[in-house]
Each structure stands twice: as structure tokens, then as C-alpha cells.
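Data first, discussion second: the structure below is written as C-alpha cells.
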Amino acid sequence: MSEFKTAKKRRLIKQISTAVIFPIVIVGGWFYPLLGYFIPICMVGGISIAFFRGRKWCDWYCPRGSFFDSAIGLISPGRQIPALFKSLPTRITMLVILMSVLTVQIIRYWPDPYKIGMVFVVMLTITTALALILAVIYHPRVWCCFCPIGSISNWVGKGKKPVQIDSALCINCKLCGKVCPIQVSPYKFKGNGTEKVLDGDCLKCGLCTAACPKKALKL
Ligand code: SF4
Ligand code: SF4
């Protein structure tokens, strides 16, 4: 089996191990709202990891990201993600809207732990519906481009443990960009020597490094 196929298979197994949590929380949360508290745990977990490893959380630790890659990816056309969804104004708008709604609703239902748990469940359900529509139209990871946790992780984690490209080895075949699950293009960071791939959306999944025919990438 090629190095790329092995890396892809390993990643899929890890993703499935966390993806199974997602339906439990989003469906079970409607019957047992305390499951909603899994969401703030994910928020803290994702942002904490970002300080050291960028968006590594979004690679396979995030149950929703893993579910979308491993399951929804089967029905998504995998089109080019429109630049609008990765733009700063879109990320900031989504962050402000979701955090404002969350804060207002928590204050409204304070201190009832069940109602507050349900706030998280409702928010997860609405954002997942949006993510699903975008995945079916474009790509499984469109939501991840402006997910508040992903955006914050992008900002605080940019440059943390980056993929590096050896420009002398790269033949510009662009395969690294084709296999990237969130459409980062490592070859675009080519310079005169060894350069860092400074795209904050990189999930540190290692698929590009495994796919590169010239071993020009390392993570
Ligand atoms: S896959 Fe390797 S050789 Fe091809 S463009 Fe990317 S870094 Fe360059
Ligand atoms: S740039 Fe490479 S390591 Fe980063 S997300 Fe894309 S394929 Fe994974």
C-alpha cells in the first residue's frame, strides 16, 4: 500500500473513532440536554490545542469535522470552496453572531443547567444543518472555514508546527493541494529554500507530506 493510502486509512480510522460521538450528542442532546455541555468542552479543547499545533483539533479530534469528512464526504461533490467562506469578514461575522446569541441565551436561562445545555444542542443542530447544506452543494469542510472554533484556532495557531516545503525538491505538480482536505495549497508557499506553509487553516493531517512524489514536504 502506498504511503498516501496508509496515511489516509490511518486518518479515517481516527476520524471514525470520534465521528461516532457526533450523532450521540446531536440526537441524544434533544432528549438529554446535558449532553450539550460536550460542545463547550470541544470549544476549549480546540482552542487550547491551537496554541501549540494550530488546527490539529479540526483534523480528527473534532467529532463534527470527522463526521463530515468520513460520512458526509461520501455524498459531497468536493467542489472548490468559494473564497467568501474563508474570508476574514465572513469569519468575524459568524464568530460575533454565534457568540452573541450564545451569551444572550445563557444569561436568559441562567442558572438552569438543562435549559443552558439545550442552548448548545440547538446551536449545534442549526449550524450542522447549515454545514450539511454547504457540504452537499460544495465541499464537506465548508463549515470548518468559518466555524468560530476553527477561526480562533486559525488566528492563534498560524505558524505553529507548520508543514515545510523544500523548494529545491518541489516540481510543482500540485498534488499536495489536490489531496488537502481543507484546500490549502502547500506549493504556493514555495520560495528559494525551505519555507513554512503559513496557512492557518492547515489541519496538520500529513496527507500532503505522504502524497508528495518528491518528498518535498515535511510536518
Ligand atoms: S506534491 Fe510535492 S512536488 Fe508536487 S507541488 Fe506539492 S510539494 Fe511540490
Ligand atoms: S496542507 Fe497538508 S497537512 Fe495541512 S491540511 Fe492540507 S494536506 Fe493536511
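Just so it is clear, none of the values below were taken in a lab; they were calculated from the coordinates. From a predicted model like this one, the values you see are computed outputs, not experimental measurements. Positions of Cβ are backbone-derived with ideal geometry, glycine not excepted, and every protein chain shown enters the neighbour counts.
Quick look at the values:
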{"item": "Residues whose placed amide H lies under 5 Å from that of Ser167, excluding near-sequence neighbours", "result": "Gly191, Gly193, Thr194, Glu195"}
{"item": "Inter-label distance for Arg10 and Ile24, nm, one decimal - labels placed 7 Å from Cα along Cα-to-Cβ", "result": "2.5 nm"}
{"item": "Whole-Hz ³J(HN,Hα) from phi, Karplus 6.51 cos²θ - 1.76 cosθ + 1.60, for the stretch 46-54, glycine and proline x", "result": "x, 6, 5, 4, 4, 5, 10, 10, x"}
{"item": "Vicinal HN-Hα couplings computed from phi for the stretch 153-166 (Karplus, 6.51 cos²θ - 1.76 cosθ + 1.60; Hz; Gly/Pro x)", "result": "5, 4, 5, 7, x, 4, x, 7, 6, x, 5, 10, 10, 8"}
{"item": "Cα gyration tensor shape for the stretch 28-67, rounded if a/c is under 1.5, else prolate or oblate", "result": "oblate"}
{"item": "Two-site FRET efficiency, Lys161 against Val44, from Cβ-Cβ distance with R₀ of 22 Å, rounded to 0.05", "result": "0.65"}
{"item": "Cross-link table Lys86/Lys214; Lys14/Lys161; Lys5/Lys86, entries beyond 25 Å C-alpha to C-alpha", "result": "Lys86/Lys214; Lys5/Lys86"}
{"item": "Residues of the stretch 7-45 with amide N under 19 Å of the 7 Å Cα→Cβ point at Lys115", "result": "30-37"}
{"item": "Charge dipole magnitude, Cβ of K and R +1, D and E -1 - the stretch 164-218, Cα centre, debye nearest 20", "result": "140 debye"}
{"item": "Karplus 3J(HN,Hα) series, Hz, for the stretch 117-125 with 6.51 cos²θ - 1.76 cosθ + 1.60 (x for Gly, Pro)", "result": "x, 5, 4, 5, 5, 5, 5, 4, 5"}
{"item": "Rounded FRET efficiency, nearest 0.05, which uses the C-beta distance separating Tyr37 from Val104 and R0 of 25 Å", "result": "0.85"}
{"item": "Neighbour-count order for Ser153, Ser87, fewest beta carbons within 10 angstrom listed first", "result": "Ser87, Ser153"}
{"item": "Packing-based order for 204-214, 72-82, 25-35, using average beta carbon neighbours within 10 Å, highest first", "result": "204-214, 25-35, 72-82"}
{"item": "Computed [θ] at 222 nm, deg cm²/dmol, the chain (DSSP H ≥ 4; -39,500 (n - 2.57); rounded to nearest 500)", "result": "-17000 deg cm²/dmol"}
